[in-house]
1. Report the relative contact order of the range 132-249, percent, no decimals, based on alpha-carbon pairs under 8 angstrom and at least 6 residues apart.
2. By how many degrees, 0 to 90 and rounded to 10, does the Cα axis of helix 61-71 deviate from the longest principal axis of the chain?
3. Please compute the per residue accessible area over the range 312-361 with all protein chains in place, 1.4 Å probe, rounded to a whole number of Å².
4. What is the gain in length, in nm to one decimal, between Lys426 and Asp371 on full extension, counting 0.36 nm per residue of separation less the C-alpha to C-alpha distance?
5. In a GNM of the chain with a 10 Å cut-off on Cα contacts, which of Pro139, Pro286, Pro73 has the highest mean-square fluctuation?
6. Per residue, how much accessible area does the range 161-230 show when a 1.4 Å probe rolls over the protein heavy atoms, in square angstrom?
7. Nearest 10 degrees, 0 to 90: what angle lies between the long axis of helix 181-192 and the longest principal axis of the chain (Cα atoms)?
8. In Å², and per residue, what accessible area does the range 84-147 have when probed at 1.4 Å with the other protein chains present?
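The values are calculated or read from the model by the stated rules, or taken from the named source; none is laboratory data. Predicted model only: the values in this text are computed from it and were never measured. As a convention, Cβ positions derive from the backbone with ideal geometry for all residues, glycine included, and neighbour counts pool all protein chains shown. When the accessible area is computed, the model is the full protein with side chains, heavy atoms only, and any ligands, DNA or RNA have been set aside. Shrake-Rupley method; radii C 1.70, N 1.55, O 1.52, S 1.80 Å.
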Amino acid sequence: MRIKRSMARRAVAALGVLALAGSLAACGDSGDDSASGAKPDKLTGVGPITLATGKDTTGTLNEILADWNKAHPDQKVTLTELPEDADQQRQQMVQNAQTKSDAYTILNLDVVWTSEFAANGWVEQLPEKQFDMSKYLPPVIKTAQYFDKLYAAPYASDGALLYYRTDLLKKAGVDKAPTTWDEMTADCQKVLKLPAGKGMSCYGGQLDKYEGLTVNFSEAVNSAGGEVVGANGKPNVNTPAAKKGLDFLVDGVKDKTIPKDALTWKEEESRRGFESGKVVFLRNWPYCYALMANKKDAGNKVAGKYGVAPIPGLDGPGKSTLGGHNLAISKFAKNKKTALDFIKWFTSEKNERTWLTKNSQAPVYGSLYDDPALQKQFPYLSTLKQSIEKAEPRPAIVNYGDATAAIEEQAYAAISGSKSSAQALKDLQDNLTKITSKDK
(Lines give C-alpha, C1' and ligand atoms only; values in the text may rest on other atoms or scores of the structure.)
Protein backbone atom coordinates (compact mmCIF):
# COMPACT_ATOMS: atom_id res chain seq x y z
CA MET A 1 0.00 0.00 0.00
CA ARG A 2 1.35 3.44 -0.90
CA ILE A 3 1.85 6.09 1.72
CA LYS A 4 -0.54 8.99 1.13
CA ARG A 5 1.10 11.89 -0.69
CA SER A 6 -0.33 14.48 1.71
CA MET A 7 1.30 12.61 4.57
CA ALA A 8 4.61 12.55 2.73
CA ARG A 9 4.56 16.31 2.22
CA ARG A 10 3.70 16.81 5.88
CA ALA A 11 6.61 14.58 6.88
CA VAL A 12 9.08 16.67 4.90
CA ALA A 13 7.90 19.85 6.56
CA ALA A 14 7.98 18.32 10.02
CA LEU A 15 11.27 16.51 9.84
CA GLY A 16 13.41 18.46 7.42
CA VAL A 17 14.83 15.19 6.11
CA LEU A 18 12.70 12.36 4.83
CA ALA A 19 14.38 9.43 3.18
CA LEU A 20 11.52 7.54 1.61
CA ALA A 21 12.90 5.30 -1.10
CA GLY A 22 11.49 4.89 -4.56
CA SER A 23 10.18 1.44 -3.58
CA LEU A 24 7.19 2.84 -1.68
CA ALA A 25 4.79 0.77 -3.74
CA ALA A 26 5.75 -2.26 -1.68
CA CYS A 27 5.45 -0.60 1.71
CA GLY A 28 3.09 -1.32 4.56
CA ASP A 29 0.58 1.07 6.11
CA SER A 30 2.44 1.76 9.33
CA GLY A 31 2.87 5.38 8.26
CA ASP A 32 -0.86 5.92 8.82
CA ASP A 33 -0.55 4.53 12.33
CA SER A 34 2.33 6.87 13.11
CA ALA A 35 0.49 9.91 11.86
CA SER A 36 -2.58 9.08 13.93
CA GLY A 37 -0.49 8.97 17.09
CA ALA A 38 -0.66 5.22 17.63
CA LYS A 39 1.32 3.90 20.55
CA PRO A 40 4.28 1.60 19.93
CA ASP A 41 3.65 -2.13 20.04
CA LYS A 42 4.82 -3.91 23.13
CA LEU A 43 8.27 -5.31 22.43
CA THR A 44 8.46 -8.90 23.63
CA GLY A 45 10.82 -11.84 23.39
CA VAL A 46 14.04 -12.56 25.26
CA GLY A 47 17.00 -14.35 23.75
CA PRO A 48 19.87 -14.07 21.23
CA ILE A 49 19.93 -11.11 18.84
CA THR A 50 21.96 -9.84 15.90
CA LEU A 51 23.35 -6.38 15.14
CA ALA A 52 23.55 -5.54 11.43
CA THR A 53 26.00 -2.75 10.78
CA GLY A 54 28.49 -1.52 8.24
CA LYS A 55 32.02 -2.87 8.38
CA ASP A 56 33.66 -2.02 11.70
CA THR A 57 36.70 -0.01 10.61
CA THR A 58 37.52 0.85 14.23
CA GLY A 59 38.32 -2.73 15.25
CA THR A 60 36.78 -2.28 18.71
CA LEU A 61 33.09 -3.05 18.22
CA ASN A 62 33.48 -6.70 19.20
CA GLU A 63 35.18 -5.58 22.44
CA ILE A 64 32.11 -3.56 23.37
CA LEU A 65 29.74 -6.39 22.43
CA ALA A 66 31.79 -8.81 24.54
CA ASP A 67 30.88 -6.80 27.65
CA TRP A 68 27.18 -7.29 26.92
CA ASN A 69 27.60 -10.98 26.12
CA LYS A 70 29.51 -11.61 29.32
CA ALA A 71 26.69 -10.10 31.38
CA HIS A 72 23.92 -11.69 29.28
CA PRO A 73 24.97 -15.24 28.39
CA ASP A 74 21.42 -16.20 27.37
CA GLN A 75 20.84 -13.01 25.33
CA LYS A 76 24.04 -12.79 23.35
CA VAL A 77 24.38 -10.37 20.46
CA THR A 78 26.06 -11.51 17.25
CA LEU A 79 27.69 -8.97 14.97
CA THR A 80 26.65 -9.12 11.31
CA GLU A 81 29.02 -6.95 9.30
CA LEU A 82 27.70 -5.50 6.06
CA PRO A 83 29.86 -3.85 3.35
CA GLU A 84 31.77 -0.66 4.06
CA ASP A 85 29.90 1.12 1.26
CA ALA A 86 26.78 2.87 2.64
CA ASP A 87 24.68 2.25 -0.48
CA GLN A 88 25.40 -1.49 -0.29
CA GLN A 89 24.54 -1.53 3.42
CA ARG A 90 21.16 0.02 2.74
CA GLN A 91 20.50 -2.35 -0.16
CA GLN A 92 21.09 -5.42 2.00
CA MET A 93 18.93 -4.06 4.81
CA VAL A 94 16.10 -3.25 2.40
CA GLN A 95 16.29 -6.71 0.82
CA ASN A 96 16.20 -8.29 4.28
CA ALA A 97 13.11 -6.25 5.19
CA GLN A 98 11.29 -6.89 1.93
CA THR A 99 11.61 -10.63 2.48
CA LYS A 100 10.49 -10.19 6.10
CA SER A 101 13.59 -12.03 7.26
CA ASP A 102 14.42 -12.24 10.97
CA ALA A 103 18.16 -12.44 10.20
CA TYR A 104 18.74 -8.87 11.43
CA THR A 105 17.42 -7.89 14.86
CA ILE A 106 18.96 -4.44 15.25
CA LEU A 107 19.77 -2.21 12.27
CA ASN A 108 22.48 0.43 12.38
CA LEU A 109 20.86 3.00 10.09
CA ASP A 110 22.37 6.05 8.46
CA VAL A 111 20.41 9.03 9.79
CA VAL A 112 18.75 9.60 6.40
CA TRP A 113 17.30 6.07 6.36
CA THR A 114 15.27 6.21 9.59
CA SER A 115 12.15 7.73 8.04
CA GLU A 116 12.27 5.42 5.04
CA PHE A 117 12.39 2.31 7.20
CA ALA A 118 9.68 3.65 9.52
CA ALA A 119 7.38 4.62 6.66
CA ASN A 120 7.69 1.21 5.06
CA GLY A 121 6.87 -0.56 8.32
CA TRP A 122 10.28 -2.18 8.49
CA VAL A 123 11.21 -1.04 12.01
CA GLU A 124 9.39 -0.81 15.33
CA GLN A 125 8.31 2.39 17.03
CA LEU A 126 10.28 2.79 20.25
CA PRO A 127 8.94 3.88 23.66
CA GLU A 128 10.24 7.44 24.04
CA LYS A 129 9.86 7.41 27.82
CA GLN A 130 12.71 4.92 28.04
CA PHE A 131 15.14 7.40 26.44
CA ASP A 132 16.12 10.74 27.99
CA MET A 133 15.66 12.97 24.97
CA SER A 134 16.75 16.08 26.89
CA LYS A 135 20.36 14.89 26.86
CA TYR A 136 20.68 14.56 23.09
CA LEU A 137 21.95 17.27 20.75
CA PRO A 138 18.79 18.78 19.15
CA PRO A 139 19.66 17.92 15.50
CA VAL A 140 20.25 14.31 16.53
CA ILE A 141 16.72 13.78 17.85
CA LYS A 142 15.03 14.70 14.58
CA THR A 143 17.03 12.10 12.66
CA ALA A 144 15.56 9.33 14.81
CA GLN A 145 11.91 10.40 14.43
CA TYR A 146 9.15 9.95 11.88
CA PHE A 147 5.95 12.00 12.34
CA ASP A 148 7.41 13.06 15.69
CA LYS A 149 7.48 9.44 16.87
CA LEU A 150 10.71 7.70 17.86
CA TYR A 151 11.70 4.84 15.55
CA ALA A 152 15.37 4.60 16.39
CA ALA A 153 17.80 5.48 19.15
CA PRO A 154 20.52 8.02 18.32
CA TYR A 155 23.81 6.19 18.48
CA ALA A 156 26.39 8.37 16.75
CA SER A 157 26.36 11.83 15.29
CA ASP A 158 28.73 13.26 12.74
CA GLY A 159 29.94 16.58 11.46
CA ALA A 160 32.63 17.13 8.84
CA LEU A 161 36.09 18.24 9.93
CA LEU A 162 39.10 19.53 8.02
CA TYR A 163 42.26 17.57 8.81
CA TYR A 164 45.48 19.37 7.94
CA ARG A 165 49.24 18.80 8.17
CA THR A 166 50.46 21.01 10.98
CA ASP A 167 54.11 20.12 10.35
CA LEU A 168 54.06 21.13 6.70
CA LEU A 169 52.05 24.30 7.25
CA LYS A 170 54.48 25.37 9.96
CA LYS A 171 57.44 24.83 7.63
CA ALA A 172 55.62 26.91 5.01
CA GLY A 173 55.12 29.76 7.48
CA VAL A 174 51.37 29.20 7.93
CA ASP A 175 50.31 29.42 11.57
CA LYS A 176 46.57 28.71 11.40
CA ALA A 177 44.07 26.60 9.50
CA PRO A 178 42.34 28.17 6.48
CA THR A 179 38.72 29.28 6.72
CA THR A 180 38.03 29.73 2.99
CA TRP A 181 38.73 27.72 -0.15
CA ASP A 182 41.04 30.41 -1.50
CA GLU A 183 43.02 30.48 1.74
CA MET A 184 43.33 26.69 1.67
CA THR A 185 44.63 26.75 -1.90
CA ALA A 186 47.11 29.54 -1.13
CA ASP A 187 48.38 27.74 1.97
CA CYS A 188 48.75 24.55 0.01
CA GLN A 189 50.77 26.20 -2.74
CA LYS A 190 53.28 27.30 -0.10
CA VAL A 191 53.56 23.71 1.12
CA LEU A 192 54.00 22.28 -2.38
CA LYS A 193 57.05 24.53 -2.90
CA LEU A 194 58.79 22.77 -0.02
CA PRO A 195 60.93 19.68 -0.63
CA ALA A 196 58.64 17.83 1.80
CA GLY A 197 55.61 18.79 -0.30
CA LYS A 198 56.90 17.36 -3.56
CA GLY A 199 54.34 15.16 -5.29
CA MET A 200 51.49 16.11 -2.95
CA SER A 201 48.08 17.50 -3.84
CA CYS A 202 46.12 20.02 -1.81
CA TYR A 203 42.76 18.62 -0.86
CA GLY A 204 40.81 15.38 -0.72
CA GLY A 205 37.31 14.24 0.15
CA GLN A 206 34.94 11.40 -0.69
CA LEU A 207 34.21 11.79 -4.41
CA ASP A 208 33.48 8.24 -5.52
CA LYS A 209 29.99 7.71 -6.93
CA TYR A 210 28.18 6.72 -3.71
CA GLU A 211 26.36 8.38 -0.81
CA GLY A 212 29.54 10.13 0.28
CA LEU A 213 29.51 12.12 -2.95
CA THR A 214 26.01 13.39 -2.13
CA VAL A 215 27.43 14.51 1.22
CA ASN A 216 30.48 16.24 -0.28
CA PHE A 217 28.49 17.84 -3.09
CA SER A 218 25.84 19.14 -0.68
CA GLU A 219 28.53 20.56 1.61
CA ALA A 220 30.19 22.37 -1.29
CA VAL A 221 26.89 23.85 -2.47
CA ASN A 222 25.78 24.87 1.03
CA SER A 223 29.23 26.27 1.81
CA ALA A 224 28.98 28.54 -1.25
CA GLY A 225 25.63 29.93 -0.14
CA GLY A 226 23.52 27.68 -2.34
CA GLU A 227 21.08 24.89 -1.67
CA VAL A 228 20.07 21.64 -3.31
CA VAL A 229 16.46 21.77 -2.18
CA GLY A 230 14.73 24.80 -0.69
CA ALA A 231 12.74 24.99 2.52
CA ASN A 232 9.59 24.61 0.41
CA GLY A 233 10.75 21.16 -0.70
CA LYS A 234 11.40 22.26 -4.28
CA PRO A 235 14.76 21.70 -6.03
CA ASN A 236 16.83 24.86 -6.32
CA VAL A 237 20.21 23.61 -7.45
CA ASN A 238 20.56 25.31 -10.85
CA THR A 239 21.80 28.61 -9.43
CA PRO A 240 25.01 30.68 -9.54
CA ALA A 241 25.70 29.91 -5.88
CA ALA A 242 25.35 26.16 -6.38
CA LYS A 243 27.63 26.38 -9.41
CA LYS A 244 30.31 28.05 -7.32
CA GLY A 245 30.11 25.12 -4.92
CA LEU A 246 30.30 22.46 -7.61
CA ASP A 247 33.07 24.37 -9.40
CA PHE A 248 35.17 24.20 -6.24
CA LEU A 249 35.30 20.43 -6.79
CA VAL A 250 35.37 20.50 -10.61
CA ASP A 251 38.14 23.08 -10.86
CA GLY A 252 40.07 21.37 -8.09
CA VAL A 253 40.30 18.17 -10.11
CA LYS A 254 41.12 20.09 -13.31
CA ASP A 255 44.05 21.98 -11.80
CA LYS A 256 45.13 18.99 -9.70
CA THR A 257 44.42 20.76 -6.42
CA ILE A 258 42.35 17.63 -5.83
CA PRO A 259 44.10 14.41 -6.90
CA LYS A 260 42.36 12.36 -9.55
CA ASP A 261 42.54 9.42 -7.13
CA ALA A 262 39.93 11.19 -5.01
CA LEU A 263 37.30 10.22 -7.58
CA THR A 264 37.69 6.66 -6.25
CA TRP A 265 37.82 7.63 -2.58
CA LYS A 266 35.29 6.74 0.07
CA GLU A 267 35.96 7.45 3.76
CA GLU A 268 38.69 4.88 4.30
CA GLU A 269 40.48 5.42 0.99
CA SER A 270 40.63 9.14 1.69
CA ARG A 271 41.90 8.58 5.22
CA ARG A 272 44.67 6.36 3.93
CA GLY A 273 45.45 8.92 1.25
CA PHE A 274 45.98 11.59 3.89
CA GLU A 275 47.98 9.25 6.11
CA SER A 276 50.30 8.28 3.26
CA GLY A 277 51.05 11.91 2.44
CA LYS A 278 49.02 12.36 -0.76
CA VAL A 279 47.16 15.49 0.39
CA VAL A 280 47.79 18.41 2.73
CA PHE A 281 44.12 18.84 3.65
CA LEU A 282 41.36 16.25 4.05
CA ARG A 283 37.61 16.51 4.60
CA ASN A 284 36.43 13.54 6.68
CA TRP A 285 34.49 12.53 9.79
CA PRO A 286 35.80 12.61 13.39
CA TYR A 287 36.30 8.82 13.57
CA CYS A 288 39.56 9.34 11.65
CA TYR A 289 41.15 11.29 14.48
CA ALA A 290 41.97 8.27 16.65
CA LEU A 291 42.99 6.05 13.74
CA MET A 292 45.44 8.59 12.38
CA ALA A 293 47.07 8.88 15.80
CA ASN A 294 48.32 5.29 15.53
CA LYS A 295 52.11 5.60 15.30
CA LYS A 296 52.48 1.82 14.98
CA ASP A 297 50.90 1.82 11.54
CA ALA A 298 53.83 1.54 9.13
CA GLY A 299 52.04 3.50 6.40
CA ASN A 300 51.04 6.35 8.69
CA LYS A 301 53.12 9.47 8.03
CA VAL A 302 50.89 11.91 9.89
CA ALA A 303 50.68 10.63 13.49
CA GLY A 304 51.33 13.62 15.75
CA LYS A 305 51.53 15.91 12.72
CA TYR A 306 47.91 16.87 12.01
CA GLY A 307 45.31 19.25 13.33
CA VAL A 308 41.56 19.65 12.98
CA ALA A 309 39.48 22.68 12.00
CA PRO A 310 36.01 23.51 10.60
CA ILE A 311 35.67 22.78 6.90
CA PRO A 312 36.29 25.91 4.80
CA GLY A 313 33.76 27.55 2.51
CA LEU A 314 33.59 30.21 -0.18
CA ASP A 315 33.69 33.26 2.08
CA GLY A 316 34.26 31.71 5.52
CA PRO A 317 33.78 28.46 7.45
CA GLY A 318 31.71 25.97 5.48
CA LYS A 319 28.57 24.07 6.38
CA SER A 320 28.87 20.39 7.19
CA THR A 321 26.36 17.81 6.09
CA LEU A 322 24.72 16.20 9.11
CA GLY A 323 25.86 12.62 9.48
CA GLY A 324 25.47 9.88 12.05
CA HIS A 325 23.75 6.60 12.77
CA ASN A 326 20.68 5.39 14.67
CA LEU A 327 19.80 1.96 16.01
CA ALA A 328 16.40 0.51 15.12
CA ILE A 329 14.63 -2.79 15.77
CA SER A 330 13.52 -4.81 12.76
CA LYS A 331 9.76 -5.36 12.55
CA PHE A 332 10.42 -8.98 11.62
CA ALA A 333 12.92 -9.85 14.34
CA LYS A 334 12.59 -12.14 17.31
CA ASN A 335 13.51 -11.24 20.90
CA LYS A 336 12.60 -7.56 20.61
CA LYS A 337 12.63 -6.95 24.36
CA THR A 338 16.26 -8.02 24.45
CA ALA A 339 16.90 -5.78 21.47
CA LEU A 340 15.42 -2.76 23.27
CA ASP A 341 17.44 -3.50 26.40
CA PHE A 342 20.59 -3.84 24.34
CA ILE A 343 19.99 -0.55 22.50
CA LYS A 344 19.47 1.33 25.77
CA TRP A 345 22.69 -0.19 27.11
CA PHE A 346 24.68 0.33 23.92
CA THR A 347 23.65 3.98 23.56
CA SER A 348 24.16 4.84 27.23
CA GLU A 349 26.26 7.85 28.12
CA LYS A 350 28.90 5.51 29.55
CA ASN A 351 29.30 3.65 26.26
CA GLU A 352 29.15 6.88 24.27
CA ARG A 353 32.13 8.06 26.30
CA THR A 354 33.92 4.78 25.57
CA TRP A 355 33.31 5.13 21.85
CA LEU A 356 34.66 8.67 21.92
CA THR A 357 37.82 7.83 23.85
CA LYS A 358 38.61 4.71 21.82
CA ASN A 359 37.50 5.70 18.35
CA SER A 360 36.88 9.48 18.39
CA GLN A 361 33.29 8.79 17.40
CA ALA A 362 31.02 11.81 17.67
CA PRO A 363 28.70 11.29 20.67
CA VAL A 364 25.01 12.17 20.71
CA TYR A 365 25.04 13.56 24.27
CA GLY A 366 25.75 17.29 24.50
CA SER A 367 27.41 17.01 27.92
CA LEU A 368 30.30 14.95 26.57
CA TYR A 369 31.37 17.78 24.26
CA ASP A 370 31.65 20.11 27.25
CA ASP A 371 33.57 17.71 29.53
CA PRO A 372 36.96 19.34 30.39
CA ALA A 373 38.79 16.00 30.55
CA LEU A 374 37.50 14.95 27.16
CA GLN A 375 38.24 18.37 25.66
CA LYS A 376 41.84 18.00 26.81
CA GLN A 377 42.09 14.60 25.12
CA PHE A 378 40.18 15.70 22.03
CA PRO A 379 40.82 19.42 21.45
CA TYR A 380 38.49 19.47 18.47
CA LEU A 381 35.31 18.68 20.46
CA SER A 382 34.08 22.27 20.58
CA THR A 383 34.66 22.56 16.83
CA LEU A 384 32.82 19.31 16.22
CA LYS A 385 29.86 20.31 18.38
CA GLN A 386 29.56 23.55 16.45
CA SER A 387 29.81 21.64 13.17
CA ILE A 388 26.95 19.33 14.15
CA GLU A 389 24.72 22.07 15.55
CA LYS A 390 25.08 24.13 12.34
CA ALA A 391 25.07 21.16 9.97
CA GLU A 392 22.64 20.98 7.08
CA PRO A 393 20.64 17.79 6.53
CA ARG A 394 20.80 16.07 3.18
CA PRO A 395 18.18 17.20 0.64
CA ALA A 396 14.65 16.99 2.02
CA ILE A 397 13.15 14.88 -0.76
CA VAL A 398 10.55 12.19 -0.15
CA ASN A 399 11.99 9.71 -2.65
CA TYR A 400 15.47 10.07 -1.25
CA GLY A 401 16.87 6.94 -2.87
CA ASP A 402 16.09 8.32 -6.32
CA ALA A 403 17.32 11.77 -5.36
CA THR A 404 20.72 10.70 -4.05
CA ALA A 405 21.27 8.53 -7.14
CA ALA A 406 20.55 11.57 -9.34
CA ILE A 407 22.91 13.76 -7.33
CA GLU A 408 25.70 11.19 -7.48
CA GLU A 409 25.25 10.77 -11.24
CA GLN A 410 25.34 14.45 -12.15
CA ALA A 411 27.97 15.53 -9.61
CA TYR A 412 30.31 12.74 -10.70
CA ALA A 413 29.79 13.61 -14.37
CA ALA A 414 30.88 17.19 -13.70
CA ILE A 415 33.79 16.34 -11.41
CA SER A 416 35.14 13.65 -13.73
CA GLY A 417 34.95 16.05 -16.69
CA SER A 418 32.38 14.25 -18.82
CA LYS A 419 29.90 17.12 -18.46
CA SER A 420 30.17 20.82 -17.68
CA SER A 421 29.11 21.95 -14.22
CA ALA A 422 26.44 24.18 -15.77
CA GLN A 423 24.93 21.29 -17.72
CA ALA A 424 25.18 18.94 -14.75
CA LEU A 425 23.25 21.34 -12.52
CA LYS A 426 20.62 21.94 -15.20
CA ASP A 427 20.16 18.19 -15.62
CA LEU A 428 20.11 17.67 -11.86
CA GLN A 429 17.44 20.37 -11.46
CA ASP A 430 15.34 18.62 -14.11
CA ASN A 431 15.87 15.20 -12.52
CA LEU A 432 15.02 16.36 -9.00
CA THR A 433 11.96 18.21 -10.27
CA LYS A 434 10.65 15.00 -11.81
CA ILE A 435 11.43 13.04 -8.64
CA THR A 436 9.70 15.54 -6.35
CA SER A 437 6.70 15.82 -8.67
CA LYS A 438 5.80 12.25 -7.67
CA ASP A 439 4.90 13.59 -4.23
CA LYS A 440 2.06 15.81 -5.45
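1. On the way: 89 pairs, mean separation 14.9, N = 118.
13 percent.
2. 30
3. 34
4. So the chain would gain 15.1 nm between Lys426 and Asp371.
5. In this elastic network of the chain, the residue with the biggest mean-square fluctuation among Pro139, Pro286, Pro73 is Pro73.
6. Working: 2670 Å² over 70 residues.
I get 38 Å² per residue for the range 161-230.
7. 60
8. Here the residues of the range 84-147 average 37 Å² of exposed surface.
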